[in-house]
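In what follows, a structure is listed as structure tokens, so that the remarks can point back to it.
The values are calculated or read from the model by the stated rules, or taken from the named source; none is laboratory data. Being a predicted model, the structure only gives us computed values, none of them experimental. Cβ placement follows ideal geometry from the backbone for every residue including glycine, while neighbour counts extend to all protein chains displayed. Quick note on the areas: whole protein, heavy atoms, side chains included, nothing else; ligands and nucleic acids left out. Shrake-Rupley method; radii C 1.70, N 1.55, O 1.52, S 1.80 Å.
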Amino acid sequence: MSFPRWTVPCAQKKQMSNSSSPNEFLLRAFADTRELQLLHFSLFLGLYLAALLGNGLIITAIACDHRLHTPMYFFLLNLSVFDLGTISTSVPKSMAISLWNSRAISYSGCAAQVFFLVIFILAEYFLLTVMAYDRFVAICRPLHYGTLMGSRACAKMAAAAWGSGILNAVLHTANTFSLPLCRGNAVEQFYCSLPQLRRLSCSGSYLRESGVTVVSACVVLGCFIFIVLSYVQIFTAVLRIPSEQGRHKAFSTCLPHLAVVSLFVSTIIFAQLSLSISSPAQDLVMAVLYSVVPPIVNPLIYSMRNKELKDALRKLIQWVQCRHQ
């Protein structure tokens, strides 16, 4: 039995449209009414400017103050760069959606957003692992700190964090965007996220991404175990310090990093759990928590209890005021 000639192209066209990639994706908007859209735009604009100001001040203060040219502050500078990259990749597009009332993002724009988000988020996680090692050496191996944490070693560790993030971004982006998308082009998130994009792919093709995901999960779990073991040894060494002042000083150098790690890991875990047990609205809130909140809170955590950093920030602000006057 043969089909009429005019039905074959239609069937082929339908099959191609079901398995090919769309030219654009539709991101999720926070609100439908114009008033709420403008409220969302104003709120995100304030949060974005706060993140730019806080992380920008830390980067400038560390770069300009020679007293802060130490491994701990070198890693903190990189952490602020990652935070700025994370929030700058996701938030501006969401603000544009509310301002212009257009949910569309191009295929290449979505791929670029996924690529840079994976770089900054995973590189920040690897950098937090390196910072845990830095604190471990400083407290548990103080006599070898200058040797183990020299300038060349610190540069290699930071480069490894950047390289690991880029490698994972290439693998995840290439695998995800090579999958045929059969379930429309509506992304249920305010940015292009890997889990939401995978939900649009054909169920049989999802296995292609599983290998990369398992490898990345093992690396992430290994870093987490390393951080936990490092802090177990750090706290054991700190509790052995005889003087209370010495213990307080040691704790003060570790608590900001531990708070940042706890905030980063907890928001990521809750966000991943929400993908399967919560509503789309809760997914939206959790995505805000791990992509917007850490870049804003991290500068506050590191500057509140750090006297050297506060002095450098104070001098920087006074210098700017003098130049302005």
Examine segment 149-163 for a residue that is under 16 Å from the mean Cα position of the chain (by Cα) and surrounded by fewer than 15 Cβ atoms within 10 Å (Cβ to Cβ), and state whether such a residue exists.
-> yes
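For every residue, the table says whether it meets (1) within 30 Å of G222 (Cα to Cα); (2) in contact (Cβ under 8 Å) with a residue 40 or more places away in the chain; (3) not in a helix (DSSP H, G or I).
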residue: G56; (1), (2), (3): no, no, no
residue: I59; (1), (2), (3): yes, no, no
residue: I87; (1), (2), (3): yes, yes, no
residue: G146; (1), (2), (3): yes, no, no
Go through (1) open to solvent by less than 40 Å² (accessible area, probe 1.4 Å); (2) of a type in the set (G, A, S); (3) not in a helix (DSSP H, G or I) and name the single condition S102 misses.
-> (1)
Given the residues L84, L117, L77, which is the only one that is at pLDDT 90 or above, within 24 Å of I268 (Cα to Cα), open to solvent by less than 20 Å² (accessible area, probe 1.4 Å) and not β-branched (V, I, T)?
-> L117
Output for Cβ contacts, cut-off 6 Å, separation at least six or different chains, first residue closer than 16 Å to L128 by Cβ in segment 289-312, second aromatic (F, W, Y) and surrounded by 18 or more Cβ atoms within 10 Å (Cβ to Cβ), reads P294/F264
What are the pairs, 6+ residues apart or on separate chains, where a residue within segment 104-124 that is touching a residue at least 60 places away in the same chain (Cβ under 8 Å) and of a type in the set (A, V, I, L, M) has its Cβ under 6 Å from a residue that is in a strand (DSSP E or B) and open to solvent by less than 30 Å² (accessible area, probe 1.4 Å)?
-> I105/F25
